[in-house]
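Here the structure is laid out as structure tokens; the discussion comes afterwards.
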Amino acid sequence: MIIRNALKEGREKLQMNNINSSLLDSEILISKAIRKDRKFVILNLDQEIKKKNYDYFYELINERARGKPIAYLIGKKDFWKYEFIINENVLVPRPDTEIIVDKVLKIFKNKSKINFLDIGVGSGCILLSILREKKNFMGTGIDLSKESLEICKINADKLGVKNRTKLIKSDIDNFVYGKYDLIISNPPYIKKLDLKYLDRDVTNFEPKLALDGGLDGLSEIRKVVNKSCELIKRKGKLILEIAFDQKYETKELLRKNGFYINCVIKDFAKNDRCIVSTKI
């Protein structure tokens, strides 16, 4: 079979299963199956592919048709300027989360060295992107998941920042190490009863531990804010990712815990997405 016909079969299968990006996904998956880049696929549509490669491609198509995220199928995801290794033990990095990296780099553009903490580090996409951009920063990442930390360690090595990265398996309540100039967190903030309404790609495949924010969606945000009071230096920055409807509750929580609200940042869809605050 030639690449063109395999792509057609893959696209039709995905369309039947309501995958909107059917052509793009088919191109990405056939690239993985034949171990070539997407440019090669597009420029060589009439090239024959081996049966074993076609069979592997169709296995990937069937997984994608079930809703498995493309990033899990190919084992990687671009974030900021870099490519991160991921699997089903970590959330798929979202473009909206890049605004945390952008804001950190703007706030600390004139700082040559800081010590910062990422609570719920996951794949390390936020922590490691900042470390890659700022050569003298030191970063600590904590996570409850041993598997997440293993992925983060791989990415730290891949990006060449492992010597400035400390990874610790811990929940936020029991973490007591260090004082930080900056704390960042993209905590679980989906209301427990809303989890079932998320896209099937998310609901069926991404780790619930990284999504479930309790009944009101704020349980983990409360923990992060409360613990940050102990861990952050005076005038240190706390940057939190939140759900689109959590701005007012989170701002009040921060104020009660001695933080001054600097700004609320909107995501690419113009929804409230991050709150930047300073410890008074």
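Just so you know, all these numbers are worked out from the coordinates, no wet-lab data involved. Bear in mind the structure is a predicted one, so any value in this text is a computation, not a measurement. Positions of Cβ are generated from backbone atoms using ideal geometry, with glycine treated the same way; all protein chains shown enter the neighbour counts.
Mean separation of Cα pairs under 8 Å and 6 or more residues apart, divided by the residue count, gives segment 3-66 a relative contact order of 43 percent.
Comparing Cα centroids, segment 223-245 and segment 78-121 end up 16 angstrom apart.
By the rule of a C-alpha distance below 14 Å, with chain neighbours fewer than 8 residues away ignored, the aspartates and glutamates paired with residue 51 are 59. Per-residue ellipticity at 222 nm, computed for the chain from helices alone with -39500 (n - 2.57) per DSSP H run of at least four residues, works out to -12000 deg cm²/dmol.
Looking at segment 231-280, the trypsin sites (Lys or Arg not before Pro) that sit in a DSSP loop and have at most 15 other Cβ atoms within 10 Å of their own Cβ are 270.
In terms of the Cα gyration tensor, with a ≥ b ≥ c the square roots of its eigenvalues, is segment 147-241 rounded because a/c is under 1.5, prolate because a/b exceeds b/c, or oblate? It comes out oblate by the Cα gyration axes. Relative to the longest principal axis of the Cα atoms of the chain, the long axis of helix 98-107 lies at roughly 40 degrees.
Can you say what percent of the DSSP beta bridges in segment 33-157, counting only those with both residues inside, are antiparallel? Round to 5. Don't skip to the end; give the middle numbers.
Details: 4 of 9 bridges.
Of those bridges, close to 45 percent are antiparallel.
Taking Cα atoms only, the orientation of helix 51-65 departs from the longest principal axis of the chain by about 50 degrees.
Across segment 70-83, rounded Karplus estimates of 3J(HN,Hα) from the backbone phi angles (6.51 cos²θ - 1.76 cosθ + 1.60, θ = phi - 60°) give 4, 5, 5, 5, 9, x, 7, 7, 6, 8, 6, 9, 10, 9 Hz, Gly and Pro being marked x. Going through the cross-link list 81/106; 8/81; 237/266; 36/146, which pairs have a Cα-Cα distance over 25 Å in this structure? The pairs that break the limit, which is 25 Å between Cα atoms, are 8/81; 36/146. Among [x] 55, 43, 33; [y] 52, 49, 34; [z] 66, 41, 32, which is the computed Cα extents along the principal axes in Å? Checking each listed value against the structure points to [z]. Looking at the chain, the DSSP beta bridges with both ends there are about 45 percent antiparallel.
Tally Lys and Arg at +1 and Asp and Glu at -1 over the other residues with C-beta under 15 Å from the C-beta of residue 41: what net charge comes out? Walk me through the numbers before you get to the answer.
Working: positive: 4, 8, 11, 32, 35, 36, 38, 39, 50; negative: 9, 25, 27, 37, 46, 48.
Here the count lands on +3.
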